[in-house]
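Below: one structure, written as structure tokens.
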Amino acid sequence: MNILILGGGGREHALAWAIKQNPKCDRLIVAPGNAGIALVAECADIDILDGAAVVDFAAENAVDFVVIGPEGPLAAGIADACRAAGLSVFGPSAAAARLESSKSFTKAICDACDAPTAAYAHFSHADDARDYVRTQGVPIVIKADGLAAGKGVVVAMTEAEALDAIDDMMGGQFGDAGAEVVIEEFMDGEEASFFVLCDGKTVLPIGTAQDHKRVGDGDTGPNTGGMGAYAPAPVMTEAVTQKALDRIVRPTMAAMAARGTPFTGVLFVGLMIKNGEPRLVEFNVRFGDPECQGLMMRLGGQILDLLQACAEGRLDAQQVHWADDHALTVVIAANGYPGDYAKGSRIDGLHDLPEDSFHMTFHAGTTTDDDGHLVATGGRVLGITGRGATLAEAHARAYAMVDAIDWPDGFCRRDIGWRALT
Ligand code: AMP
Ligand code: GLY
């Protein structure tokens, strides 16, 4: 089978690495890919936001199955373009991707099915939004309605911060994505990410993880796309998982189907858990990055069968096979991230690192320069992942690899997994 994965981050490297292990995979192409992905797949330079370009490329290369990694192409309707051309594709339609591309849409779906989430209001005029903040008080959470590359949420501890966030977002900081804002009640508790596949009818849980969003040790500093993750998340007990499925996931998936826009793909359910009660923070319509790296280490080659069954509406007959193990990913980012950072610095030491089912270096923002050296091209650059029988073992393996990497222009958090390890 010939498979095309769209994307070029750590998530797509992990997907490619796992899919490649399945004997059904003959040819694997990733567009655009990166220097690490090039070690396990062919990389192709196509515009993944252009449906016609993706469909033409798939036809020319006899692609049997398309897997869409990031939210950008999903929101842009690339899954719809593939389906219209008769291709088998993993990923939701643009209409179903609104669960990520519009926060107010998700809140309205939660209202319609009584799914537990933060109380909220939705504004398209800044004056009304400011008045609401003044009446509600702080802490309060201000969210750009549309896609803002993980930067569209401000958890405001003071009224001034909240008012500034409204001015920035509605003043064009994120373009049209901030033209409307959702203002939410601050929820306190422990966060976890819950991943389920859905084929429009059946919901199949495939794993949990916990991310570390803040840039600094001890959960300090600005929010990032994620500085590390571990899987599974201990807070996702059997009871919490059942509540999340019964009260949030199944009702919202049924509501999407009833609207004529069934969701097919992976639903990333961001939860806040307090006293054993999960509430929805947000949905994403794709795997998390870096959460995906640990999930793929734990699932391995079976992921291809699961993604295909999801795309073909056969999830009711699928089972997920788990080892009783743990995975932990440490992100190494360019100095300065999530602010300004330099590109093009050289990374050494990767050749000597072990690569097997317990150790993997997933690349997020790398390329190879003219002299054949690995260089950094992004903010988050590497996702060093260890797997083990215990979280402590996975942690030790990941940090041993981190310490063997020679990249003076990069940094990482030293406390990934602390909540579950202490
Ligand atoms: P999101 O992009 O919606 O996941 O938000 C980014 C981060 O902001 C989340 O992972 C939470 O840490 C935080 N956050 C979002 N909404 C809330 C809320 N209502 N209460 C507390 N924290 C929140
Ligand atoms: N790591 C969080 C995300 O992928 O949105």
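The values are calculated or read from the model by the stated rules, or taken from the named source; none is laboratory data. Please read these numbers as outputs of a predicted model, since none were measured by experiment. All Cβ positions, glycine included, derive from the backbone under ideal geometry; neighbour counts span all protein chains shown.
The range 1-97 holds helices (runs of 4 or more DSSP H) entirely within its bounds, and those carrying 1 or more residues that are without any contact (Cβ under 8 Å) to a residue 40 or more places away in the chain and within 21 Å of the chain's Cα centre (by Cα) map to 10-20, 78-84.
Could you tell me whether any residue of the range 143-154 is on the phi > 0 side of the Ramachandran plot, surrounded by fewer than 16 Cβ atoms within 10 Å (Cβ to Cβ) and touching a residue at least 40 places away in the same chain (Cβ under 8 Å)? If you could, list the steps in order and put the result at the bottom.
First, the residues of the range 143-154 that are on the phi > 0 side of the Ramachandran plot: 149-150.
Next cut, surrounded by fewer than 16 Cβ atoms within 10 Å (Cβ to Cβ) only: 149-150.
Retained after the next criterion (residues that are touching a residue at least 40 places away in the same chain (Cβ under 8 Å)): 149-150.
There is at least one residue in the range 143-154 that is on the phi > 0 side of the Ramachandran plot, surrounded by fewer than 16 Cβ atoms within 10 Å (Cβ to Cβ) and touching a residue at least 40 places away in the same chain (Cβ under 8 Å).
Hey, among Leu391, Leu382, Leu353, which residue is within 22 Å of Leu39 (Cα to Cα) and in contact with a helix residue (DSSP H, G or I) (Cβ under 7 Å, 6 or more places away or on another chain)? First the steps, then the outcome.
Details: Leu391 fails: within 22 Å of Leu39 (Cα to Cα); Leu382 fails: in contact with a helix residue (DSSP H, G or I) (Cβ under 7 Å, 6 or more places away or on another chain).
Going through Leu391, Leu382, Leu353 in turn, just one is within 22 Å of Leu39 (Cα to Cα) and in contact with a helix residue (DSSP H, G or I) (Cβ under 7 Å, 6 or more places away or on another chain): Leu353.
Has the range 162-182 got at least one residue that is more than 16 Å from ligand 2 (Cβ to nearest atom), assigned to a strand (DSSP E or B) and either at pLDDT below 95 or farther than 27 Å from Gly69 by Cβ (or both)? Yes, the range 162-182 has at least one match. Scanning the range 138-155 for residues that are away from ligand 2 (no atom under 14 Å from the Cβ) and of a type outside the set (D, E, K, R) returns Val138, Pro139, Ile140, Val141, Ile142, Ala144, Gly146, Val154, Val155. For Gly276, the stated conditions hold: it is more than 16 Å from ligand 2 (Cβ to nearest atom) and in contact (Cβ under 8 Å) with a residue 24 or more places away in the chain. Close Cβ contacts (under 9 Å, 6 or more residues apart or on different chains) running from residues in the range 353-372 that are over 19 Å from Asp325 (Cα atoms) to residues that are of a type in the set (D, E, K, R) and surrounded by fewer than 18 Cβ atoms within 10 Å (Cβ to Cβ) comprise Gly365/Lys343; Asp369/Arg346.
Is there a residue in the range 165-178 that is out of contact with any Gly (no Cβ under 7 Å at 6 or more places or on another chain), within 21 Å of Gly221 (Cβ to Cβ), surrounded by 14 or more Cβ atoms within 10 Å (Cβ to Cβ) and aliphatic (A, V, I, L, M)? Yes, some residue in the range 165-178 is out of contact with any Gly (no Cβ under 7 Å at 6 or more places or on another chain), within 21 Å of Gly221 (Cβ to Cβ), surrounded by 14 or more Cβ atoms within 10 Å (Cβ to Cβ) and aliphatic (A, V, I, L, M).
For the range 227-238, state whether one or more residues are under 23 Å from Ala257 (Cβ atoms), in contact with a helix residue (DSSP H, G or I) (Cβ under 8 Å, 6 or more places away or on another chain) and away from ligand 1 (no atom under 14 Å from the Cβ).
If we filter the range 227-238 for residues that are under 23 Å from Ala257 (Cβ atoms), which is where we start, we get none.
No; the residues of the range 227-238 include none that is under 23 Å from Ala257 (Cβ atoms), in contact with a helix residue (DSSP H, G or I) (Cβ under 8 Å, 6 or more places away or on another chain) and away from ligand 1 (no atom under 14 Å from the Cβ).
Quick one: in the range 191-243, of everything that is of a type in the set (D, E, K, R), in contact (Cβ under 8 Å) with a residue 12 or more places away in the chain and within 16 Å of ligand 2 (Cβ to nearest atom), which residue is farthest from Asn284 (Cα to Cα)? Applying the filter and picking the extreme gives Arg214.
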